[in-house]
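The values are calculated or read from the model by the stated rules, or taken from the named source; none is laboratory data. These figures come from a predicted structure and were not determined experimentally. Here Cβ is always computed from backbone atoms with ideal geometry, including for glycine, and neighbour counts include all displayed protein chains. Please note that ligands, DNA and RNA were not included when accessible areas were found on the heavy atoms of the full protein model with its side chains. Shrake-Rupley method; radii C 1.70, N 1.55, O 1.52, S 1.80 Å.
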Amino acid sequence: MPANPSAARDDDARWMDRALELARQGEALASPNPMVGAVVVAGGRVVGEAFHTYDGVRHAEVLALEAAGPAARGATLYVNLEPCCHTGRTPPCTEAILRAGVARVVAAIADPNPAVSGRGLQRLRRAGLALLTGLRAAEARKLNEAFTCWIRTGRPLVTMKSALSLDARIAPSRPSGRARRWITGEAARAEVQQLRHAADAVLTGIGTVLADDPLLTDRTGRPRRRKLLRVVLDSRLRLPLDSRLVRSARGDLLVCTTASASARRARALARAGVELICVRSRGGRVDLTAVLEELGRRQILAVLLEAGAELGSAALAAGIVDRLVLFYAGRLLGADAVPWVTAPARHLRKLPPLRQVTLRTLGPDFVLEGSFRDVYGNH
């Protein structure tokens, strides 16, 4: 480590940034585990690094230590998430770290998993290792907020995405036939694909399906461990058998309906390869909380909500939306166009103010992002 404290801090930040960069390579490959990257540094150079994938089983720390071999002795291990100290699908990472002879561990944040939650760091500290925590903590928390939400609440993190005009309209009043009329440009549409890639499931309502006949697939071309689960809320089973969703169903289409739905329609959809589940209803419609509970049981960590005004408003009013990503086009559609939110003010009063808001340009459009809640409980 450099004698200059400032240089040492810079080096720590540099290698933690590399750990985070590696962790991001586990996007769509690590779920339902968190994304973790690890870097082993000795003598100012990397001697081992790795990131975790669920199918790869072994954790990033173990893989990085194996890559380092004997060079890990006396080295520093950088990791974006606290090493585990319990036995799950693998033995504890803390024991592998101790066996490798690592002298120092730099961990961005504690593991939000109650089975770990600081105990891994305690184990290393008691063994005499030097520890540094909190470096790049905000970035590390952001990276695994979906895992944190799921591991603490049993339900997935819900990101609501919408494309809007400057006057907060989502579609012209009378779209011509079923022809697609994009509001935003190509760069925004490409970013939506990135949002889908980062999600385990995309959720929409039957109104959007009937209006747009979407596919709702991940078209990034990047690898993913599980197919993107396409979820449709359809209380009366109006989903057309000739829709693109049904015709493309390959074990990745889930329709949530209610007990009042037609049994004949249910059988027809099931024969077409659609999975149907009956969930409790609220006011004659599918209960959104029940849907999230079901998805949580299926180890779905992140849900992207792509819906029209009706379902979007219901989701906001029900308080199930954690994050907003709004793509604004630099155009006006007018008062007779379809509004983004149709719920009355009294249904939205419990929504907290949007926080951690960012604004950036994206081609000719701009993107506003923010969160309604902090899943880590920070203020």
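From the helices alone, meaning DSSP H stretches of at least four residues, give me the mean residue ellipticity at 222 nm for the chain, per-run term -39500 (n - 2.57), in deg cm²/dmol to the nearest 500.
Computed mean residue ellipticity for the chain: -9000 deg cm²/dmol.
At most 15 other Cβ atoms within 10 Å and a DSSP loop assignment: could you name the trypsin sites (Lys or Arg not before Pro) in the stretch 187-224 that fit?
When the trypsin sites (Lys or Arg not before Pro) of the stretch 187-224 are filtered for loop state and at most 15 Cβ neighbours within 10 Å, 219 remain.
Residue 282's amide H: which non-local residues (gap 5+, or another chain) put their own amide H closer than 5 Å, with H modeled 1.01 Å from N in plane and none for Pro or chain starts?
287
Calculate one ³J(HN,Hα) per residue across the stretch 330-346 by plugging θ = phi - 60° into the Karplus curve 6.51 cos²θ - 1.76 cosθ + 1.60, and present them in order as whole Hz with x for glycine and proline.
x, 8, 10, 10, x, 5, 8, 7, 6, x, 5, 10, 10, 5, x, 4, 5
List the lysines whose Cα sits under 21 Å from the Cα of residue 142, skipping any in the same chain fewer than 8 residues away.
161
Local charge sum around residue 374 (other residues, Cβ-Cβ under 13 Å, Lys/Arg +1, Asp/Glu -1)? Before the final figure, lay out each step's value.
Numbers: positive: 141, 142, 152, 323, 355, 373; negative: 145, 322.
Summing Lys and Arg as +1 and Asp and Glu as -1 gives +4.
Quick one: which residues, 5+ away or cross-chain, put their amide H under 5 Å from the amide H of residue 205? H built at 1.01 Å from N.
The answer is 233, 308.
Under a 1.4 Å probe, what is the accessible area of the stretch 81-157 per residue, stated in Å²?
Per-residue value: 42 Å².
Setting aside same-chain residues fewer than 8 positions from residue 350, which aspartates and glutamates have a Cα under 14 Å from its Cα?
322
What does the charge count near residue 112 come to, summing +1 for each Lys or Arg and -1 for each Asp or Glu among other residues with Cβ under 11 Å from its Cβ?
-1
Residues with beta-carbon under 14 Å from that of residue 167, excluding residue 167: net charge, scoring Lys, Arg +1 and Asp, Glu -1?
So the environment of residue 167 carries a net charge of +1.
Counting only heavy atoms of protein chains, what accessible area per residue, in Å², does the stretch 159-255 have with a probe of 1.4 Å?
For the stretch 159-255, the solvent-accessible area averages 45 Å² per residue.
Pop out the Kirkwood hydrodynamic radius of the stretch 228-310 from its pairwise C-alpha distances, inverse of mean 1/r, in Å to one decimal.
The Cα-based Kirkwood calculation yields 13.2 Å.
Between the stretch 291-343 and the stretch 123-177, what is the C-alpha centre distance in whole Å?
That distance is 15 Å.
Which of the aspartates and glutamates could a cross-linker span from residue 227 if the Cα-Cα distance has to be under 15 Å and same-chain partners fewer than 8 positions apart are dropped?
Output for residue 227: 27, 55, 200, 218, 252, 275.
Let me know the whole percent of all Cα-Cα pairs from the stretch 146-276 that are separated by more than 27 Å.
27
Would you mind telling me the share, in percent, of accessible area of the stretch 200-241 contributed by carbon and sulfur at probe 1.4 angstrom?
Ligands and nucleic acids excluded, carbon and sulfur reach 53 percent.
Arranged from highest to lowest average of other beta-carbon atoms within 10 Å per residue, in what order do the peptides 364-371, 34-41 appear?
Answer by packing, highest mean first, reads 34-41, 364-371.
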